[in-house]
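**Q** Here it is: the structure, laid out below.
The values are calculated or read from the model by the stated rules, or taken from the named source; none is laboratory data. Bear in mind the structure is a predicted one, so any value in this text is a computation, not a measurement. Cβ placement follows ideal geometry from the backbone for every residue including glycine, while neighbour counts extend to all protein chains displayed.
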Amino acid sequence: MKQKLKMIVKNAKLQDLNFVVNFFDKYLDKNNPALYSREFFCPSGVKAAISKDLVILILDNDNLVAAVRLYPRKRDNIVSVYQFAISEKYRGNNLLKSMLNFTKYKTFEFVCPAEIKFNEYYEKLGAEIINKDKLNCWRLNI
């Protein structure tokens, strides 16, 4: 059953760094094949993204329940969704879309190893597969 949430969507600030790093550490499984690069766990990368307003958070009663890290491409303004995590209790509430809608961007891309089940998540999200290879590339227009 989907929850009725009273939440705050906001850009992460540098003072949120440890909060965000700990959240990603808790909700991103280092053995998950969808996280194919150890860069996903680099606090310096999270810090750099926060300093550029490229980390969006959702808080519910001051508890961090979702976070996304983005990288807009300069050549075409398409945004790579670099990493995201949602607390188990809050999954199924379209929080990723809420965070993406909070940005000024309209087109987002996700990359996922082709052989894993997580590709189904992007399909349910409404993304279109635009390239199939060892890594599938999905595009979502909001």
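Residues are listed down the side, and each one gets a yes or a no for (1) of a type in the set (D, E, K, R); (2) surrounded by fewer than 17 Cβ atoms within 10 Å (Cβ to Cβ); (3) more than 17 Å from ASN11 (Cβ to Cβ); (4) over 16 Å from the mean Cα position of the chain (by Cα):
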| residue | (1), (2), (3), (4) |
| --- | --- |
| LEU57 | no, no, no, no |
| ASN63 | no, yes, yes, yes |
| VAL81 | no, no, no, no |
| LYS89 | yes, yes, yes, yes |
| PHE110 | no, no, yes, no |
| PHE118 | no, yes, yes, no |
| GLU123 | yes, yes, yes, no |
| LYS132 | yes, yes, yes, yes |
| LEU140 | no, no, yes, no |
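**Q** Going by the conditions given, is ASN94 within 15 Å of the chain's Cα centre (by Cα) and on the phi > 0 side of the Ramachandran plot?
**A** Working: within 15 Å of the chain's Cα centre (by Cα): yes; on the phi > 0 side of the Ramachandran plot: yes.
In short, yes.
**Q** When the residues of the range 30-40 are filtered to those that are in contact with a strand residue (DSSP E or B) (Cβ under 9 Å, 6 or more places away or on another chain) and not in a loop (DSSP other than H, G, I, E, B), which remaining residue is modelled with the highest pLDDT? Explain how you work it out, then say what you get.
**A** Looking only at the range 30-40, we keep the residues that are in contact with a strand residue (DSSP E or B) (Cβ under 9 Å, 6 or more places away or on another chain), and these are 33-36, 39-40.
So of that shortlist, the ones also not in a loop (DSSP other than H, G, I, E, B) come out as 39-40.
Values: GLU39: 69, PHE40: 65.
Among those residues, the one meeting the criterion is GLU39.
**Q** Tell me which of these LEU100 doesn't satisfy, since it passes every other one: (1) surrounded by 11 or more Cβ atoms within 10 Å (Cβ to Cβ); (2) without any contact (Cβ under 8 Å) to a residue 12 or more places away in the chain; (3) in a helix (DSSP H, G or I); (4) not polar (S, T, N, Q).
**A** Looking at each condition in turn, LEU100 falls short on (2).
**Q** If you scan the range 3-29, which residues turn out to be modelled with pLDDT under 90 and either touching a strand residue (DSSP E or B) at 6+ places or on another chain (Cβ under 8 Å) or of a type in the set (Lys, Arg) (or both)?
**A** Listed by number, the residues that qualify are LYS4, LEU5, LYS6, TYR27, LEU28.
**Q** Look at GLU128 and say whether it is on the phi < 0 side of the Ramachandran plot and modelled with pLDDT of 95 or more.
**A** Numbers: on the phi < 0 side of the Ramachandran plot: yes; modelled with pLDDT of 95 or more: yes.
For GLU128, the condition - on the phi < 0 side of the Ramachandran plot and modelled with pLDDT of 95 or more - is met.
**Q** Considering each residue of the range 45-86, count those that are under 22 Å from GLU123 (Cβ atoms) and part of a loop (DSSP other than H, G, I, E, B), and give that number.
**A** Count: 1.
**Q** Here's something else I'd like to know. Any residue that is surrounded by 18 or more Cβ atoms within 10 Å (Cβ to Cβ) and either of a type outside the set (A, V, I, L, M) or touching a residue at least 60 places away in the same chain (Cβ under 8 Å) (or both) - is there at least one of those in the range 46-54?
**A** No: zero hits.
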